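Taking it in order: structure first as structure tokens, then the write-up.
What follows draws every value from the coordinates through simple rules; no lab data is involved. The structure presented is a predicted model; accordingly, all values stated were derived computationally and were not measured. Here the Cβ is made from the backbone with ideal geometry for all residues, glycine too, and neighbour counts use every protein chain on show.
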């Protein structure tokens with residue numbers, strides 16, 4: 001193949017004028033580049049020797065290193081050798097090699113071209129060799145293709161293979177047996193490849209007692225799948241995942257539960273312990289929460305550093321928190337208005353954080369730019385920020401505000417903000433209901449003040465009854 005490529009290149013070059021051919025010649029490598037390549041080759045020499053003698057892991061390490069160095073041609077060469085070696089091992093009956101090859105062909109990776117036909121073929125061979133996971137994946141593939149008959153056949157084959165592995169359990173069960181129990185539990189729970197039985201599924205998951213099972217049981221107790229909802233039990237499984245499987249996301253779940261007393265008794269010390277675990281695992285939400293706690297303690301610089309870390313991970317609420325500190329400055333944090341405005345705009349426009357436009361509205365109000373502020377308050381109120389709803393209501397009764405004149409909308413926003421607990425909205429609503437409207441009725445229509453109060457009370461009672469009815473309907 002390289003010979004034909006060279007002939008084609010030579011032919012193309014012969015069509016160019018002589019002056020155009022000379023610059024096309026590759027320049028001699030510089031001393032720095034030569035030294036770098038020599039160092040790389042020296043570092044890979046032992047691995048290459050192992051790879052050439054048939055060590056697949058060494059072959060994979062060589063092409064991965066070349067890829068990381070940006071040396072695509074070398075990476076492709078060694079990846080090709082890796083594919084050949086893996087194919088030979090799979091042909092010899094190695095089911096692990098079959099699965100590695102099948103999954104590589106399924107999606108295409110590591111310089112191995114995607115080939116769904118070959119993928120299915122190797123999954124078939126692995127399933128015939130008794131590998132349950134291969135049969136299950138074939139069930140998934142045929143399900144995506146809409147072939148329910150073939151999907152059902154392979155799912156059932158997977159169920160039987162998993163069941164065969166757990167006919168005689170060791171004491172304690174082996175890792176393979178625990179994995180098989182997990183899959184049996186999951187398939188029973190969902191009715192995949194076997195008759196659905198949630199109680200049996202839960203029992204099998206509890207018997208599996210591994211990280212996969214704990215994760216599924218956590219979901220079951222949170223959502224009430226096959227069991228009654230029980231947050232305390234769910235958090236128990238989350239703790240096992242955090243403690244025994246080093247699951248950072250579950251550490252964050254546990255931290256949040258104990259810090260807020262959700263499903264468990266509030267315990268700040270335990271919450272902080274798991275918060276630190278989640279922080280170590282770089283869980284952005286945990287880092288943000290840690291920043292909030294530090295802020296409450298008055299440790300502003302430490303809080304800023306936490307917010308800034310989480311913001312760099314793309315967490316919008318952390319961007320807003322960082323920007324807020326930069327807008328006003330804090331102990332150990334120097335104000336940087338330009339950066340703060342940029343961060344708030346990104347948090348609002350790209351990530352649709354509700355608090356970012358509220359902070360922008362307040363900033364533009366503070367510098368005497370009410371029109372700009374109004375635009376941001378409108379966005380914030382649309383996103384449910386109660387504090388922005390007081391201004392939004394005023395805009396609907398202010399001429400030339402840029403929003404539609406509508407007393408009805410004014411009332412809607414003040415009522416919504418008041419229900420959400422905003423005191424300004426509550427104050428405006430009370431003035432509107434118990435001062436403005438009575439004055440209009442008395443002055444314009446001569447309605448007695450007692451009648452006005454009766455009408456107001458009746459209207460409020462009817463609205464409260466309608467809201468209660470709505471909440472009850474939503475529960476049903």
Between the alpha-carbon centers of the range 355-399 and the range 152-225, tell me the distance in whole angstrom.
53 Å
Treating each Cα of the range 44-117 as an identical point scatterer and ignoring solvent, apply the Debye formula and state log10 I(q)/I(0) at q = 0.20, 0.24 Å⁻¹.
-0.82, -1.09
Least to most buried among 227, 385 (fewest other Cβ within 10 Å first):
227, 385
Quick one: compute a quarter of the convex hull surface over the Cα atoms of the range 345-395 and quote it in nm².
3.0 nm²
Virtual spin-label span in nm between residue 140 and residue 64, 7 Å along Cα→Cβ:
2.1 nm
On each of the three principal axes the extent of the alpha-carbon atoms of the range 281-323, given in whole Å and largest first, is 25, 23, 12
What does the C-alpha gyration tensor say about the overall shape of the range 269-342? Classify as rounded when a/c is under 1.5, otherwise prolate if a/b is larger than b/c, or oblate.
oblate
What is the Cα radius of gyration of the range 70-220 over 2.2 N^0.38 Å, N being its residue count?
1.19
Just want the ordering: 434, 154, 123, 142, from fewest to most Cβ atoms lying within 10 Å of their own Cβ.
434, 142, 154, 123
Kirkwood hydrodynamic radius of the range 198-345, from inverse mean 1/r over distinct Cα pairs, in Å
16.6 Å
Based on the inverse mean of 1/r over its pairs of different Cα atoms, what is the Kirkwood hydrodynamic radius of the range 242-292, in Å?
10.3 Å
